[in-house]
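Report on the following structure.
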Amino acid sequence: MLLTKENISSCTFKEGTVILINKPLKVSSFYVVDQMKRSIRNKINEKIKIGHAGTLDPLATGLLIICTGSKTKSIIQFQDMEKTYSGSFTLGAMTPSYDLETEISEQIPTDNISHINIETVRNSFMGYQELIPPIHSAVKVNGKRAYKLARKGENPELQAKPIYISKFELNIEKFPVCQFTISCTKGTYIRSIAYEFGKRLNNLAYLSSLHRDSIGDYKAINAFELEEFINKLQN
């Protein structure tokens with residue numbers, strides 16, 4: 001059952017529900033799940049299974065698919081669906097985390113970058129790719145999370161991961177900020193695409209904003225805001 005704003009009052013969370021949530025900025029995906037779990041438990045006075053189908057970083061917003069009850073068995077199916085993201089990356093600078101989680105560590109001029117250069121690099125990302133995840137990520141290295149090692153000042157060596165990009169649109173009207181829309185397979189770190197984009201331009205780049213628009217046919221525009229969902233449960 002897909003929860004909507006019309007059927008929320010008749011929903012049976014324990015039997016199994018799919019809930020679309022628009023994750024707020026600067027909170028973790030775990031926080032969203034925890035807040036929803038508390039609200040649902042208070043509503044039905046029972047323990048309940050709940051999980052999400054794909055993490056978003058705290059600095060990202062957009063679609064989280066939340067599954068409850070028996071629908072938690074479908075999480076893997078949702079994770080395997082193509083995802084579409086929009087956002088921006090900024091040329092001429094980089095950060096250790098490839099996004100705004102860490103401060104800018106290096107800057108260089110962007111005067112030598114032409115529209116032709118940008119279009120050539122954009123095209124180079126289409127299709128199958130192998131990209132190395134950011135060291136500030138949850139990828140495990142010898143049983144330890146890479147981001148924990150990075151925060152200790154270590155530089156873990158990560159292996160490249162195969163991905164597939166079916167759409168990559170760019171708008172450079174606000175250059176050196178480039179606005180994008182990307183559709184890709186699971187396991188794709190958009191931060192890595194931003195970093196690699198700068199590298200292929202013989203320049204630098206970092207991810208400056210990120211929103212997940214859709215997972216398969218499920219869209220963020222149809223999702224509940226987190227506070228909206230909690231308030232509707234309480235009413």
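The values are calculated or read from the model by the stated rules, or taken from the named source; none is laboratory data. What you are looking at is a predicted structure, and each value in this text was computed from that prediction instead of being measured. Counting neighbours? That spans all protein chains shown, and the Cβs are built from the backbone with ideal geometry, glycine included. Side chains included, ligands, DNA and RNA excluded: accessible areas come from the protein's heavy atoms. Shrake-Rupley method; radii C 1.70, N 1.55, O 1.52, S 1.80 Å.
Odds and ends about this structure:
- Test: residue in segment 79-94 that is open to solvent by less than 40 Å² (accessible area, probe 1.4 Å), at pLDDT below 95 and not small (Gly, Ala, Ser): no
- Every residue from segment 95-151 that is at pLDDT 85 or above, in a strand (DSSP E or B) and touching a helix residue (DSSP H, G or I) at 6+ places or on another chain (Cβ under 8 Å): LEU131
- Restricting segment 182-222 to residues that are assigned to a loop (DSSP other than H, G, I, E, B) and closer than 17 Å to LEU91 by Cα, the residue that is most open to solvent (accessible area, probe 1.4 Å) is ASN202.
- Yes/no for SER166 being touching a residue at least 40 places away in the same chain (Cβ under 8 Å) and farther than 25 Å from GLY92 by Cβ: yes
- Remark: pairs (first residue in segment 207-235, more than 30 Å from VAL177 (Cβ to Cβ); second residue of a type in the set (Gly, Ala, Ser) and open to solvent by less than 50 Å² (accessible area, probe 1.4 Å); Cβ separation under 6 Å; 6+ apart in sequence or on different chains) = ILE230/SER39; LEU233/SER39.
- Extreme residue, nearest to LEU3 (Cα to Cα), among residues of segment 223-235 that are open to solvent by less than 20 Å² (accessible area, probe 1.4 Å) and in a helix (DSSP H, G or I): PHE229
- THR12 modelled with pLDDT under 90 and closer than 26 Å to HIS211 by Cβ: no
- Within segment 11-28, residues that are over 20 Å from ASN222 (Cβ atoms) and surrounded by fewer than 23 Cβ atoms within 10 Å (Cβ to Cβ) reach partners that are small (Gly, Ala, Ser) and modelled with pLDDT under 95 with beta carbons closer than 6 Å, at six or more positions or on different chains, in the pairs LYS14/GLY69; GLU15/GLY69.
- Of all the numbered requirements in (1) surrounded by 17 or more Cβ atoms within 10 Å (Cβ to Cβ); (2) over 21 Å from THR84 (Cβ atoms), PRO134 misses one, and that requirement is (2).
- Test: residue in segment 95-106 that is open to solvent by 50 Å² or more (accessible area, probe 1.4 Å) and either touching an Asp or Glu at 6+ places or on another chain (Cβ under 6 Å) or more than 22 Å from SER208 (Cβ to Cβ) (or both): no
- Residue match in segment 139-157 (condition: within 23 Å of ALA53 (Cα to Cα), hydrophobic (A, V, I, L, M, F, W, C) and surrounded by fewer than 20 Cβ atoms within 10 Å (Cβ to Cβ)): yes
- The conditions of being assigned to a loop (DSSP other than H, G, I, E, B), touching a Lys or Arg at 6+ places or on another chain (Cβ under 7 Å) and either under 30 Å from ASN202 (Cα atoms) or touching a residue at least 12 places away in the same chain (Cβ under 8 Å) (or both) are met by PRO58.
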